[in-house]
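This report refers to the structure that appears directly beneath it.
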Ligand SMILES: Cc1cc2nc3c(=O)[nH]c(=O)nc-3n(C[C@H](O)[C@H](O)[C@H](O)COP(=O)(O)OP(=O)(O)OC[C@H]3O[C@@H](n4cnc5c(N)ncnc54)[C@H](O)[C@@H]3O)c2cc1C
């Protein structure tokens with residue numbers, strides 16, 4: 001089922017969803033099943049699977065020269081989505097990124113997903129590759145997520161890249177996009193960020209999943225700005241428990257989000273990881289309770305290898 005159908009059918013009852021990462025290259029899918037088996041007790045409506053672009057690295061050669069090679073740390077997004085749908089009968093949502101893909105490769109991936117019975121995609125630009133300062137599209141690839149949304153929407157109308165419209169070849173993807181309550185770090189200002197978000201919706205995206213945030217006021221202000229800008233699709237809050245002291249620095253650095261001073265102070269006082277986890281879980285439970293009062297349609301959790309803690313939060317709030 002499409003995400004929008006899940007939300008419609010729930011008629012205001014809160015839903016839960018998770019984001020997981022594919023295993024590192026060479027690792028087994030069984031460990032992932034181990035985490036998902038536990039999370040299934042929370043009855044998720046859908047599970048998002050992240051995509052990790054290929055990186056170019058330079059490998060030293062015996063003659064002292066360097067050879068550029070492409071390496072992918074976490075392949076497997078499409079396969080894992082198919083495995084999840086088969087094993088758990090839960091909708092899986094592959095993340096699609098612009099980075100590292102030409103339009104033709106994207107079209108082929110969409111055709112594979114369509115054959116696999118996957119009806120949802122999250123369309124993203126992706127970050128710059130590790131050795132580039134700014135995002136650089138692949139040759140004949142997309143510069144911004146909106147172009148990816150447009151490509152998927154065109155395929156939904158039966159419009160393939162090099163062909164005339166093929167009516168019987170229409171796909172039927174429900175397209176989601178990313179939103180940033182605290183502004184995307186490259187955006188010139190909040191207004192321009194919302195304007196570009198609105199353009200993604202106008203191009204065919206049907207819901208928004210947000211970057212994580214730890215202060216609900218940021219989410220509710222973001223929703224107000226979206227509504228004022230004419231964005232009326234569901235906005236799904238992205239949520240994560242803080243679990244380690246070092247995340248007070250790593251999370252703002254990686255995800256460009258603030259940690260409220262009360263939460264930071266409580267984590268600073270912790271003497272063990274277990275104490276940090278307890279503080280992070282309590283904070284997230286409170287966040288979820290408030291978000292449910294504000295009618296958030298879905299609570300979307302970034303599980304990031306902490307399925308038990310997320311399970312604890314869901315059990316406490318639903
Ligand atoms: C829910 C969620 C899931 C994610 N999953 C993944 C994942 O699986 N893999 C991964 O690599 N990354 C993932 N990311 C990270 C995401 O790819 C990065 O944040 C990336 O830097 C931006 O992606 P976007 O889709 O928001 O880009 P865009 O919507 O293209 O926006 C990128 C920037 O460009 C600006 N912009 C947009 N359109 C225009 C325009 N026409 N002209 C000028 N400026 C414009 C925006 O304001 C923004 O600053 C995820 C993020 C979120 C919130």
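On inspection, residue 163 qualifies as more than 18 Å from the chain's Cα centre (by Cα), on the phi < 0 side of the Ramachandran plot, surrounded by fewer than 16 Cβ atoms within 10 Å (Cβ to Cβ) and at pLDDT below 95.
Listed by first and then second residue, the pairs linking a residue in region 22-39 that is closer than 15 Å to residue 85 by Cα to a residue that is at pLDDT below 95 and not in a loop (DSSP other than H, G, I, E, B), with Cβ atoms under 6 Å apart and 6 or more places separating them unless they lie on different chains, are 39/307.
Of all the residues that make up region 198-210, how many are surrounded by 20 or more Cβ atoms within 10 Å (Cβ to Cβ) and out of contact with any strand residue (DSSP E or B) (no Cβ under 6 Å at 6 or more places or on another chain)? Talk me through it step by step, then tell me what you get.
Let us first name the residues in region 198-210 that are surrounded by 20 or more Cβ atoms within 10 Å (Cβ to Cβ), namely 200-201, 203-205, 207-210.
Next cut, out of contact with any strand residue (DSSP E or B) (no Cβ under 6 Å at 6 or more places or on another chain) only: 201, 203.
Here the count works out to 2.
Checking each residue in region 250-261 for being surrounded by 11 or more Cβ atoms within 10 Å (Cβ to Cβ) and either outside any helix (DSSP H, G or I) or over 19 Å from the mean Cα position of the chain (by Cα) (or both) picks out 256, 257, 258, 259, 260. Is it the case that region 200-221 has a residue that's more than 11 Å from the ligand (Cβ to nearest atom), more than 21 Å from residue 106 (Cβ to Cβ) and assigned to a loop (DSSP other than H, G, I, E, B)? Within region 200-221, one or more residues are more than 11 Å from the ligand (Cβ to nearest atom), more than 21 Å from residue 106 (Cβ to Cβ) and assigned to a loop (DSSP other than H, G, I, E, B). Every condition in (1) more than 10 Å from the ligand (Cβ to nearest atom); (2) exposed (fewer than 15 other Cβ atoms within 10 Å of the Cβ) holds for residue 189 except the one numbered (1). When you look at residue 53, is it within 15 Å of the ligand (Cβ to nearest atom), surrounded by 16 or more Cβ atoms within 10 Å (Cβ to Cβ) and under 27 Å from residue 309 (Cβ atoms), yes or no? So residue 53 fails the test. If you go through region 222-246 one residue at a time, how many are outside any loop (DSSP other than H, G, I, E, B) and either in contact (Cβ under 8 Å) with a residue 12 or more places away in the chain or in contact with a strand residue (DSSP E or B) (Cβ under 8 Å, 6 or more places away or on another chain) (or both)? Going through region 222-246 one residue at a time, the tally reaches 9.
Listed by first and then second residue, the pairs linking a residue in region 181-202 that is at positive phi and free of Cβ contacts under 8 Å to residues at least 60 places away in the same chain to a residue that is near the ligand (Cβ under 7 Å from one of its atoms) and not in a helix (DSSP H, G or I), with Cβ atoms under 6 Å apart and 6 or more places separating them unless they lie on different chains, form an empty list.
Contact map, region 92-104: first residue in contact (Cβ under 8 Å) with a residue 60 or more places away in the chain, second residue near the ligand (Cβ under 10 Å from one of its atoms), Cβ cut-off under 6 Å, separation 6 or more or different chains; pairs are 93/48; 93/122.
The conditions of being buried (at least 18 other Cβ atoms within 10 Å of the Cβ), touching a residue at least 60 places away in the same chain (Cβ under 8 Å) and under 19 Å from residue 56 (Cβ atoms) are met by residue 126. Given the condition within 8 Å of the ligand (Cβ to nearest atom) and not in a strand (DSSP E or B), answer yes or no: does some residue in region 166-180 qualify? Yes, some residue in region 166-180 is within 8 Å of the ligand (Cβ to nearest atom) and not in a strand (DSSP E or B). Of all residues in region 294-318, those satisfying the criterion of being away from the ligand (no atom under 16 Å from the Cβ) and assigned to a helix (DSSP H, G or I) are 307, 308, 309, 311, 312, 313, 314, 315, 316, 317.
Check whether at least one residue in region 61-75 is crowded, with 17+ Cβ neighbours inside 10 Å, farther than 14 Å from residue 97 by Cβ and within 16 Å of the ligand (Cβ to nearest atom), and report yes or no. Scanning region 61-75 turns up no residue that is crowded, with 17+ Cβ neighbours inside 10 Å, farther than 14 Å from residue 97 by Cβ and within 16 Å of the ligand (Cβ to nearest atom). Note on region 114-158: residues that are in a loop (DSSP other than H, G, I, E, B), out of contact with any strand residue (DSSP E or B) (no Cβ under 6 Å at 6 or more places or on another chain) and either on the phi > 0 side of the Ramachandran plot or near the ligand (Cβ under 10 Å from one of its atoms) (or both) amount to 9.
If you go through region 16-39 and keep only what is more than 16 Å from the ligand (Cβ to nearest atom) and within 19 Å of the chain's Cα centre (by Cα), you end up with 35, 36, 39.
The values are calculated or read from the model by the stated rules, or taken from the named source; none is laboratory data. Everything numeric in this text was worked out from a predicted model, so none of it was measured. For neighbour counting, all protein chains shown are included, and Cβ atoms are generated from backbone atoms with ideal geometry for every residue, glycine included.
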